[in-house]
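The values are calculated or read from the model by the stated rules, or taken from the named source; none is laboratory data. Since this is a predicted model, take the numbers as computed values, not measurements. All Cβ positions, even for glycine, are placed from backbone atoms using ideal geometry, and neighbour counts span all protein chains on display. Surface accessibility is based on the protein's heavy atoms, side chains included, excluding ligands, DNA and RNA. Shrake-Rupley method; radii C 1.70, N 1.55, O 1.52, S 1.80 Å.
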Amino acid sequence: MAQLSDDCFAFGGPMMSVDEAVGLITTRVDAIADIETVAVIDADGRVLARDIAAPLPLPPFTNSAVDGYAVRNADLPESAERAFPLDGRIQAGGLALAPIKAGHTARIFTGAPMPPDAETVFMQEDVRLDEAGRIVLPPGLKPGANVRPAGEDIPQGHVALRAGQRLLPQHIALAAAFGLTRLDVVRRIRVAVFSTGDELASPGEPRAASQLFDSNRFMLMAMLRRLGCEVFDLGILRDERNALADGLKQVAGSHDLILTTGGVSTGEEDHVKAAVESIGSLVLWRMAIKPGRPVAMGIIGGTPLIGLPGNPVASFVTFVHVVRPTVLALAGSLPEPLLPIPVRAAFTYKKKIGRREYVRSSLRRGEDGALEAVKFPREGAGLLSSLVETDGLIELGDDITRVEPGQSVGFLSYADLL
Ligand code: AMP
Ligand code: MG
(Lines give C-alpha, C1' and ligand atoms only; values in the text may rest on other atoms or scores of the structure.)
(Ligands and ions follow the chains in the order given, each with its own letter.)
Protein backbone atom coordinates (compact mmCIF):
# COMPACT_ATOMS: atom_id res chain seq x y z
CA MET A 1 0.00 0.00 0.00
CA ALA A 2 1.00 3.61 -0.44
CA GLN A 3 2.89 5.08 2.52
CA LEU A 4 2.94 8.87 2.48
CA SER A 5 4.17 11.25 5.19
CA ASP A 6 1.59 13.20 7.21
CA ASP A 7 2.64 16.57 5.83
CA CYS A 8 2.90 15.50 2.21
CA PHE A 9 -0.04 17.63 1.06
CA ALA A 10 0.93 20.75 3.05
CA PHE A 11 0.72 23.91 0.97
CA GLY A 12 1.77 27.42 2.03
CA GLY A 13 -0.29 29.75 -0.16
CA PRO A 14 -3.88 30.86 0.33
CA MET A 15 -5.13 29.81 -3.09
CA MET A 16 -3.74 27.01 -5.24
CA SER A 17 -3.78 27.02 -9.01
CA VAL A 18 -4.71 23.86 -10.87
CA ASP A 19 -1.13 23.58 -12.18
CA GLU A 20 0.25 23.87 -8.64
CA ALA A 21 -2.10 21.13 -7.46
CA VAL A 22 -1.06 18.77 -10.24
CA GLY A 23 2.62 19.65 -9.64
CA LEU A 24 2.34 18.93 -5.91
CA ILE A 25 0.62 15.61 -6.47
CA THR A 26 3.09 14.50 -9.12
CA THR A 27 6.11 15.29 -6.93
CA ARG A 28 4.76 14.08 -3.56
CA VAL A 29 2.84 10.91 -4.36
CA ASP A 30 5.08 7.86 -4.75
CA ALA A 31 4.26 5.08 -7.15
CA ILE A 32 3.39 1.68 -5.72
CA ALA A 33 5.89 -0.96 -6.80
CA ASP A 34 3.66 -4.04 -7.05
CA ILE A 35 3.63 -5.76 -10.42
CA GLU A 36 1.42 -8.49 -11.82
CA THR A 37 1.55 -10.43 -15.07
CA VAL A 38 -1.59 -10.53 -17.21
CA ALA A 39 -2.61 -11.83 -20.63
CA VAL A 40 -1.93 -9.26 -23.36
CA ILE A 41 -5.64 -8.60 -23.96
CA ASP A 42 -6.19 -7.99 -20.24
CA ALA A 43 -3.44 -5.37 -20.21
CA ASP A 44 -5.70 -2.89 -22.02
CA GLY A 45 -6.04 0.18 -19.79
CA ARG A 46 -3.31 -0.99 -17.40
CA VAL A 47 0.04 0.72 -16.72
CA LEU A 48 3.01 -1.12 -18.24
CA ALA A 49 5.57 -1.97 -15.54
CA ARG A 50 8.70 -2.48 -17.69
CA ASP A 51 10.17 -1.16 -20.91
CA ILE A 52 9.74 -3.49 -23.88
CA ALA A 53 12.48 -3.65 -26.50
CA ALA A 54 11.44 -5.10 -29.86
CA PRO A 55 12.42 -8.82 -29.77
CA LEU A 56 12.19 -8.89 -33.58
CA PRO A 57 12.08 -6.25 -36.31
CA LEU A 58 8.70 -5.11 -37.67
CA PRO A 59 7.93 -6.15 -40.28
CA PRO A 60 9.98 -9.27 -39.52
CA PHE A 61 10.93 -9.78 -43.21
CA THR A 62 10.97 -7.63 -46.34
CA ASN A 63 7.64 -7.96 -48.16
CA SER A 64 5.44 -6.55 -50.87
CA ALA A 65 3.13 -3.66 -49.99
CA VAL A 66 0.79 -4.36 -52.94
CA ASP A 67 -0.57 -7.07 -55.23
CA GLY A 68 1.65 -6.89 -58.34
CA TYR A 69 4.90 -7.95 -60.01
CA ALA A 70 8.39 -8.07 -58.48
CA VAL A 71 11.55 -7.22 -60.46
CA ARG A 72 15.23 -6.57 -59.91
CA ASN A 73 16.26 -2.89 -59.70
CA ALA A 74 18.78 -3.47 -62.50
CA ASP A 75 15.86 -4.39 -64.82
CA LEU A 76 13.62 -1.37 -64.09
CA PRO A 77 12.36 0.14 -67.39
CA GLU A 78 13.81 3.68 -67.58
CA SER A 79 12.32 5.54 -70.55
CA ALA A 80 10.09 3.03 -72.39
CA GLU A 81 7.88 0.16 -71.28
CA ARG A 82 9.38 -3.30 -71.32
CA ALA A 83 7.96 -6.85 -71.48
CA PHE A 84 9.00 -9.44 -68.86
CA PRO A 85 8.45 -13.21 -68.96
CA LEU A 86 6.58 -14.36 -65.85
CA ASP A 87 8.61 -16.56 -63.55
CA GLY A 88 7.16 -17.58 -60.20
CA ARG A 89 4.27 -16.75 -57.93
CA ILE A 90 4.62 -15.81 -54.23
CA GLN A 91 1.58 -15.65 -51.96
CA ALA A 92 1.34 -14.13 -48.49
CA GLY A 93 2.62 -16.75 -46.10
CA GLY A 94 4.48 -18.51 -48.95
CA LEU A 95 8.22 -18.85 -49.31
CA ALA A 96 10.22 -17.35 -52.19
CA LEU A 97 13.15 -19.70 -52.29
CA ALA A 98 14.58 -19.13 -55.76
CA PRO A 99 16.15 -15.77 -56.59
CA ILE A 100 14.38 -13.89 -59.34
CA LYS A 101 16.07 -14.35 -62.72
CA ALA A 102 17.53 -11.33 -64.52
CA GLY A 103 14.98 -9.85 -66.96
CA HIS A 104 12.08 -11.77 -65.38
CA THR A 105 9.22 -10.80 -63.11
CA ALA A 106 7.35 -12.80 -60.46
CA ARG A 107 3.69 -12.50 -59.48
CA ILE A 108 3.55 -11.35 -55.85
CA PHE A 109 0.78 -10.54 -53.37
CA THR A 110 0.48 -8.07 -50.47
CA GLY A 111 2.47 -9.25 -47.46
CA ALA A 112 4.35 -11.97 -49.38
CA PRO A 113 8.13 -12.14 -48.85
CA MET A 114 10.20 -10.57 -51.62
CA PRO A 115 12.13 -13.17 -53.65
CA PRO A 116 15.93 -12.98 -53.28
CA ASP A 117 17.41 -10.28 -55.60
CA ALA A 118 14.00 -8.61 -56.29
CA GLU A 119 13.81 -5.08 -54.91
CA THR A 120 10.81 -3.35 -56.50
CA VAL A 121 7.13 -4.21 -57.08
CA PHE A 122 4.84 -2.87 -59.83
CA MET A 123 1.16 -2.53 -58.82
CA GLN A 124 -1.05 -4.88 -60.82
CA GLU A 125 -3.20 -1.88 -61.89
CA ASP A 126 -0.17 -0.39 -63.72
CA VAL A 127 0.78 -3.36 -65.92
CA ARG A 128 -0.68 -5.10 -68.98
CA LEU A 129 -0.22 -8.38 -70.82
CA ASP A 130 1.18 -8.48 -74.37
CA GLU A 131 0.11 -10.99 -77.05
CA ALA A 132 2.91 -13.36 -75.99
CA GLY A 133 1.54 -13.44 -72.43
CA ARG A 134 4.45 -11.43 -71.07
CA ILE A 135 4.00 -8.75 -68.39
CA VAL A 136 4.55 -5.24 -69.78
CA LEU A 137 5.87 -2.87 -67.13
CA PRO A 138 5.79 0.95 -67.52
CA PRO A 139 8.90 3.15 -67.16
CA GLY A 140 9.62 5.60 -64.37
CA LEU A 141 8.97 3.57 -61.20
CA LYS A 142 11.37 4.42 -58.35
CA PRO A 143 13.73 1.65 -57.21
CA GLY A 144 12.36 0.03 -54.04
CA ALA A 145 8.78 1.17 -54.71
CA ASN A 146 5.93 -0.78 -53.07
CA VAL A 147 8.25 -2.78 -50.84
CA ARG A 148 8.23 -2.80 -47.03
CA PRO A 149 11.78 -3.48 -45.80
CA ALA A 150 12.28 -5.58 -42.65
CA GLY A 151 12.40 -3.28 -39.61
CA GLU A 152 11.07 -0.20 -41.43
CA ASP A 153 8.33 0.11 -38.79
CA ILE A 154 10.37 -0.81 -35.72
CA PRO A 155 14.00 -2.03 -35.74
CA GLN A 156 14.90 -4.98 -33.52
CA GLY A 157 16.01 -3.84 -30.04
CA HIS A 158 14.25 -0.48 -30.21
CA VAL A 159 12.45 0.37 -26.93
CA ALA A 160 8.98 0.49 -28.41
CA LEU A 161 6.87 0.52 -25.22
CA ARG A 162 7.90 2.42 -22.10
CA ALA A 163 7.29 1.57 -18.46
CA GLY A 164 4.52 3.88 -17.25
CA GLN A 165 2.59 3.77 -20.50
CA ARG A 166 -1.14 3.43 -19.90
CA LEU A 167 -1.93 0.83 -22.52
CA LEU A 168 -4.38 1.51 -25.34
CA PRO A 169 -5.52 -0.95 -28.01
CA GLN A 170 -2.66 0.13 -30.30
CA HIS A 171 -0.12 -0.78 -27.59
CA ILE A 172 -1.83 -4.16 -27.20
CA ALA A 173 -1.42 -4.62 -30.97
CA LEU A 174 2.30 -3.88 -30.74
CA ALA A 175 2.81 -6.39 -27.92
CA ALA A 176 0.99 -9.02 -29.99
CA ALA A 177 3.07 -8.12 -33.08
CA PHE A 178 6.15 -8.91 -30.97
CA GLY A 179 4.65 -12.34 -30.28
CA LEU A 180 4.16 -11.60 -26.57
CA THR A 181 1.34 -13.35 -24.73
CA ARG A 182 1.70 -11.79 -21.28
CA LEU A 183 2.70 -8.37 -19.99
CA ASP A 184 3.95 -7.08 -16.64
CA VAL A 185 1.67 -4.30 -15.44
CA VAL A 186 1.34 -2.31 -12.23
CA ARG A 187 -1.23 -3.84 -9.93
CA ARG A 188 -4.54 -1.98 -9.93
CA ILE A 189 -4.73 0.98 -7.54
CA ARG A 190 -7.17 0.02 -4.76
CA VAL A 191 -9.52 2.89 -3.99
CA ALA A 192 -12.07 3.01 -1.16
CA VAL A 193 -15.01 5.26 -2.07
CA PHE A 194 -17.43 6.86 0.41
CA SER A 195 -20.21 9.36 0.08
CA THR A 196 -21.02 11.54 3.07
CA GLY A 197 -24.30 13.19 3.95
CA ASP A 198 -27.49 12.53 5.94
CA GLU A 199 -29.53 13.64 2.93
CA LEU A 200 -28.31 10.70 0.81
CA ALA A 201 -30.00 7.35 0.22
CA SER A 202 -28.42 4.53 -1.79
CA PRO A 203 -30.28 3.51 -4.94
CA GLY A 204 -32.26 0.36 -4.11
CA GLU A 205 -32.91 1.50 -0.55
CA PRO A 206 -35.86 3.48 0.80
CA ARG A 207 -35.59 7.24 0.28
CA ALA A 208 -37.10 9.61 2.85
CA ALA A 209 -38.92 12.68 1.52
CA SER A 210 -35.96 14.91 2.39
CA GLN A 211 -33.37 12.63 0.78
CA LEU A 212 -31.94 12.26 -2.69
CA PHE A 213 -30.30 9.22 -4.18
CA ASP A 214 -26.52 9.20 -4.00
CA SER A 215 -25.22 9.78 -7.53
CA ASN A 216 -21.66 10.98 -6.92
CA ARG A 217 -20.44 7.67 -5.54
CA PHE A 218 -21.46 5.88 -8.72
CA MET A 219 -20.01 8.59 -10.97
CA LEU A 220 -16.71 8.53 -9.09
CA MET A 221 -16.52 4.73 -9.06
CA ALA A 222 -17.14 4.67 -12.82
CA MET A 223 -14.45 7.31 -13.36
CA LEU A 224 -11.99 5.38 -11.21
CA ARG A 225 -12.68 2.17 -13.12
CA ARG A 226 -11.95 3.94 -16.37
CA LEU A 227 -8.60 4.91 -14.87
CA GLY A 228 -7.94 1.21 -14.24
CA CYS A 229 -8.56 1.21 -10.46
CA GLU A 230 -9.96 -1.56 -8.33
CA VAL A 231 -12.91 0.14 -6.65
CA PHE A 232 -14.35 -0.65 -3.22
CA ASP A 233 -17.84 0.71 -2.65
CA LEU A 234 -18.09 1.65 1.02
CA GLY A 235 -21.48 3.30 0.95
CA ILE A 236 -22.64 6.42 2.71
CA LEU A 237 -21.19 7.86 5.91
CA ARG A 238 -23.46 9.96 8.12
CA ASP A 239 -22.71 13.60 8.89
CA GLU A 240 -21.19 12.81 12.25
CA ARG A 241 -17.55 13.15 13.14
CA ASN A 242 -17.04 9.87 14.96
CA ALA A 243 -18.95 7.80 12.45
CA LEU A 244 -16.90 9.34 9.67
CA ALA A 245 -13.63 8.80 11.53
CA ASP A 246 -14.49 5.16 12.25
CA GLY A 247 -15.43 4.48 8.64
CA LEU A 248 -12.28 6.05 7.27
CA LYS A 249 -9.98 4.42 9.81
CA GLN A 250 -11.23 0.98 8.86
CA VAL A 251 -10.07 1.25 5.27
CA ALA A 252 -6.77 3.11 5.77
CA GLY A 253 -3.84 0.77 5.36
CA SER A 254 -5.68 -1.75 3.22
CA HIS A 255 -6.24 0.63 0.27
CA ASP A 256 -3.96 2.89 -1.78
CA LEU A 257 -6.36 5.82 -1.76
CA ILE A 258 -9.50 6.87 0.11
CA LEU A 259 -11.95 9.01 -1.82
CA THR A 260 -14.89 10.81 -0.25
CA THR A 261 -17.46 13.21 -1.62
CA GLY A 262 -19.38 15.85 0.31
CA GLY A 263 -18.82 17.46 3.69
CA VAL A 264 -15.60 19.32 2.90
CA SER A 265 -16.93 22.87 2.89
CA THR A 266 -16.65 24.87 6.08
CA GLY A 267 -20.32 24.63 7.11
CA GLU A 268 -21.38 23.36 10.52
CA GLU A 269 -22.44 20.02 9.07
CA ASP A 270 -19.24 19.46 7.09
CA HIS A 271 -17.45 16.98 9.31
CA VAL A 272 -14.84 15.40 7.04
CA LYS A 273 -12.15 17.85 8.13
CA ALA A 274 -12.62 17.23 11.86
CA ALA A 275 -12.96 13.48 11.33
CA VAL A 276 -9.71 13.18 9.38
CA GLU A 277 -7.88 15.45 11.81
CA SER A 278 -8.90 13.16 14.67
CA ILE A 279 -7.25 10.12 13.06
CA GLY A 280 -4.67 11.60 10.67
CA SER A 281 -3.69 14.91 9.13
CA LEU A 282 -5.65 17.06 6.73
CA VAL A 283 -5.28 20.25 4.73
CA LEU A 284 -7.99 22.00 2.76
CA TRP A 285 -6.73 23.02 -0.63
CA ARG A 286 -8.50 26.15 -1.75
CA MET A 287 -8.22 25.71 -5.48
CA ALA A 288 -8.61 28.55 -7.95
CA ILE A 289 -11.06 26.57 -10.02
CA LYS A 290 -14.77 26.87 -10.86
CA PRO A 291 -16.80 24.76 -10.44
CA GLY A 292 -15.10 23.45 -7.33
CA ARG A 293 -14.81 24.33 -3.70
CA PRO A 294 -12.15 23.40 -1.20
CA VAL A 295 -10.73 19.97 -1.82
CA ALA A 296 -9.58 18.06 1.25
CA MET A 297 -6.21 16.32 1.07
CA GLY A 298 -5.21 14.12 3.93
CA ILE A 299 -3.17 11.20 5.19
CA ILE A 300 -4.52 8.50 7.49
CA GLY A 301 -1.82 6.09 8.63
CA GLY A 302 0.22 6.67 5.45
CA THR A 303 -2.79 6.28 3.15
CA PRO A 304 -3.74 9.34 1.09
CA LEU A 305 -7.30 10.67 1.31
CA ILE A 306 -8.99 13.02 -1.11
CA GLY A 307 -12.25 14.68 -0.11
CA LEU A 308 -14.15 16.05 -3.07
CA PRO A 309 -17.02 18.54 -2.83
CA GLY A 310 -20.59 17.22 -2.85
CA ASN A 311 -22.05 19.16 -5.71
CA PRO A 312 -21.96 16.71 -8.63
CA VAL A 313 -20.35 19.04 -11.19
CA ALA A 314 -17.77 20.31 -8.69
CA SER A 315 -17.06 16.71 -7.78
CA PHE A 316 -16.60 15.78 -11.46
CA VAL A 317 -14.29 18.70 -12.28
CA THR A 318 -12.13 18.37 -9.17
CA PHE A 319 -11.86 14.61 -9.76
CA VAL A 320 -10.28 15.34 -13.12
CA HIS A 321 -7.72 17.74 -11.65
CA VAL A 322 -6.92 16.11 -8.33
CA VAL A 323 -7.92 12.43 -8.30
CA ARG A 324 -6.82 11.66 -11.86
CA PRO A 325 -3.21 12.85 -11.35
CA THR A 326 -3.08 11.11 -7.96
CA VAL A 327 -4.17 7.77 -9.42
CA LEU A 328 -1.71 8.16 -12.31
CA ALA A 329 1.11 9.01 -9.86
CA LEU A 330 0.27 6.02 -7.62
CA ALA A 331 0.37 3.76 -10.66
CA GLY A 332 3.70 5.23 -11.84
CA SER A 333 2.07 6.30 -15.05
CA LEU A 334 3.83 8.69 -17.42
CA PRO A 335 2.31 12.20 -17.15
CA GLU A 336 -0.79 12.59 -19.30
CA PRO A 337 -1.43 16.34 -19.47
CA LEU A 338 -4.90 17.31 -20.64
CA LEU A 339 -4.57 19.21 -23.91
CA PRO A 340 -7.60 21.31 -24.89
CA ILE A 341 -8.41 21.43 -28.62
CA PRO A 342 -9.06 24.92 -30.07
CA VAL A 343 -12.67 25.49 -31.13
CA ARG A 344 -14.73 28.62 -31.79
CA ALA A 345 -16.88 29.96 -28.95
CA ALA A 346 -20.54 30.46 -29.85
CA PHE A 347 -21.33 32.15 -26.54
CA THR A 348 -20.60 35.18 -24.38
CA TYR A 349 -19.13 34.62 -20.93
CA LYS A 350 -17.70 36.77 -18.14
CA LYS A 351 -15.31 35.44 -15.54
CA LYS A 352 -13.11 36.53 -12.65
CA ILE A 353 -9.41 36.93 -13.25
CA GLY A 354 -7.07 34.62 -11.32
CA ARG A 355 -9.00 31.39 -11.45
CA ARG A 356 -9.56 28.69 -14.01
CA GLU A 357 -13.07 28.00 -15.11
CA TYR A 358 -14.65 25.06 -16.89
CA VAL A 359 -17.74 25.76 -18.97
CA ARG A 360 -19.93 22.78 -19.84
CA SER A 361 -20.41 22.91 -23.61
CA SER A 362 -21.64 21.00 -26.63
CA LEU A 363 -19.94 20.98 -30.02
CA ARG A 364 -21.65 21.71 -33.32
CA ARG A 365 -20.52 22.59 -36.86
CA GLY A 366 -20.76 26.28 -37.79
CA GLU A 367 -21.96 27.35 -41.23
CA ASP A 368 -18.36 27.32 -42.52
CA GLY A 369 -17.85 23.78 -41.20
CA ALA A 370 -15.64 24.82 -38.27
CA LEU A 371 -16.33 23.38 -34.81
CA GLU A 372 -18.21 25.68 -32.45
CA ALA A 373 -18.78 25.31 -28.71
CA VAL A 374 -22.25 26.06 -27.36
CA LYS A 375 -22.46 26.73 -23.64
CA PHE A 376 -25.00 24.83 -21.54
CA PRO A 377 -27.66 27.47 -20.79
CA ARG A 378 -27.58 27.11 -16.98
CA GLU A 379 -24.68 27.22 -14.52
CA GLY A 380 -25.54 25.46 -11.24
CA ALA A 381 -22.88 23.06 -9.92
CA GLY A 382 -25.67 20.68 -8.89
CA LEU A 383 -27.12 20.19 -12.37
CA LEU A 384 -26.37 16.65 -13.50
CA SER A 385 -28.19 17.41 -16.77
CA SER A 386 -25.42 19.90 -17.56
CA LEU A 387 -22.91 17.03 -17.71
CA VAL A 388 -25.26 14.62 -19.45
CA GLU A 389 -26.33 16.98 -22.22
CA THR A 390 -22.91 18.39 -23.15
CA ASP A 391 -19.81 16.97 -24.85
CA GLY A 392 -17.06 18.42 -22.70
CA LEU A 393 -15.54 21.39 -20.92
CA ILE A 394 -14.26 24.68 -22.28
CA GLU A 395 -11.13 25.53 -20.28
CA LEU A 396 -10.74 29.23 -19.56
CA GLY A 397 -7.31 30.13 -18.16
CA ASP A 398 -6.61 32.31 -15.11
CA ASP A 399 -6.00 35.46 -17.18
CA ILE A 400 -9.19 35.39 -19.24
CA THR A 401 -11.98 37.76 -18.10
CA ARG A 402 -14.47 37.40 -20.92
CA VAL A 403 -15.32 35.28 -23.94
CA GLU A 404 -16.98 36.71 -27.06
CA PRO A 405 -18.61 34.72 -29.86
CA GLY A 406 -16.02 33.83 -32.51
CA GLN A 407 -13.13 33.74 -30.04
CA SER A 408 -10.90 30.65 -30.05
CA VAL A 409 -11.22 28.64 -26.82
CA GLY A 410 -9.84 25.29 -25.64
CA PHE A 411 -12.20 22.29 -25.51
CA LEU A 412 -11.64 19.13 -23.47
CA SER A 413 -13.87 16.25 -24.52
CA TYR A 414 -15.30 14.12 -21.70
CA ALA A 415 -13.93 11.14 -23.62
CA ASP A 416 -10.36 12.43 -23.16
CA LEU A 417 -10.52 13.08 -19.44
CA LEU A 418 -10.14 9.51 -18.20
P1 AMP B 1 -21.75 19.23 0.56
O2 AMP B 1 -20.49 19.36 -0.21
O3 AMP B 1 -21.80 18.04 1.45
O4 AMP B 1 -22.08 20.49 1.27
O5 AMP B 1 -22.90 19.00 -0.52
C6 AMP B 1 -23.18 19.98 -1.50
C7 AMP B 1 -24.40 19.57 -2.29
O8 AMP B 1 -24.13 18.40 -3.01
C9 AMP B 1 -25.64 19.29 -1.45
O10 AMP B 1 -26.78 19.80 -2.10
C11 AMP B 1 -25.66 17.79 -1.41
O12 AMP B 1 -26.96 17.29 -1.23
C13 AMP B 1 -25.11 17.40 -2.74
N14 AMP B 1 -24.46 16.10 -2.64
C15 AMP B 1 -23.55 15.76 -1.73
N16 AMP B 1 -23.15 14.49 -1.89
C17 AMP B 1 -23.83 14.01 -2.94
C18 AMP B 1 -23.86 12.75 -3.61
N19 AMP B 1 -23.09 11.73 -3.20
N20 AMP B 1 -24.66 12.59 -4.67
C21 AMP B 1 -25.44 13.64 -5.08
N22 AMP B 1 -25.45 14.84 -4.51
C23 AMP B 1 -24.66 15.04 -3.44
MG1 MG C 1 -22.93 17.29 3.00
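Some points to look at:
- On segment 10-151, 53 percent of the accessible area sits on carbon and sulfur atoms, based on a 1.4 Å probe.
- Most simply put, segment 23-122 has about 70% antiparallel DSSP beta bridges, counting only bridges with both residues inside it.
- Checking every one of the trypsin sites (Lys or Arg not before Pro) in segment 318-375 against DSSP loop status and a limit of 11 other Cβ atoms within 10 Å picks out K352.
- Take the chain with all the other protein chains still there, run a 1.4 Å probe, and you get 47 Å² of accessible area per residue.
- For segment 244-280, no residue has its backbone nitrogen under 15 Å from a point 7 Å from the Cα of D7, taken along Cα to Cβ.
- Note on the chain: antiparallel DSSP beta bridges, both residues inside, total approximately 70 percent of the bridges counted.
- Other residues with beta-carbon under 13 Å from the beta-carbon of R107 carry, at +1 per Lys or Arg and -1 per Asp or Glu, a net charge of 0.
- Carbon and sulfur %, accessible surface of segment 293-411 computed with the full protein complex present, 1.4 Å: 56 percent
- Reachable lysines, given that their alpha-carbon falls under 30 Å from the alpha-carbon of K375 and they are not under 8 places away in the same chain: K290, K350, K351, K352
- The alpha-carbon of K101 sits under 30 angstrom from the alpha-carbons of these lysines, leaving out residues fewer than 8 places away in its chain: K142.
- Pairwise label distance in nanometres, D34 with E125, each label 7 Å out on the Cα-Cβ vector: 5.5 nm
- Counting only Cα atoms, segment 120-225 measures 91, 35, 23 Å along its principal axes, largest extent leading.
- Rg over Rh, two decimals, the chain (C-alpha only, Kirkwood Rh): 1.17
- Derived scalar couplings ³J(HN,Hα) [segment 290-305; Karplus, 6.51 cos²θ - 1.76 cosθ + 1.60; whole Hz; x for Gly, Pro]: 9, x, x, 10, x, 10, 8, 10, x, 9, 10, x, x, 8, x, 10
- Peptides 266-272, 181-187 ordered by average Cβ neighbours within 10 Å, highest first: 181-187, 266-272
- A helix-only calculation puts the chain at -4500 deg cm²/dmol for mean residue ellipticity at 222 nm, using -39500 (n - 2.57) for each DSSP H run of at least four residues, averaged over all residues.
- Remark: spin-label model distance E78-A222 equals 6.8 nm, labels positioned 7 Å along the Cα→Cβ axis.
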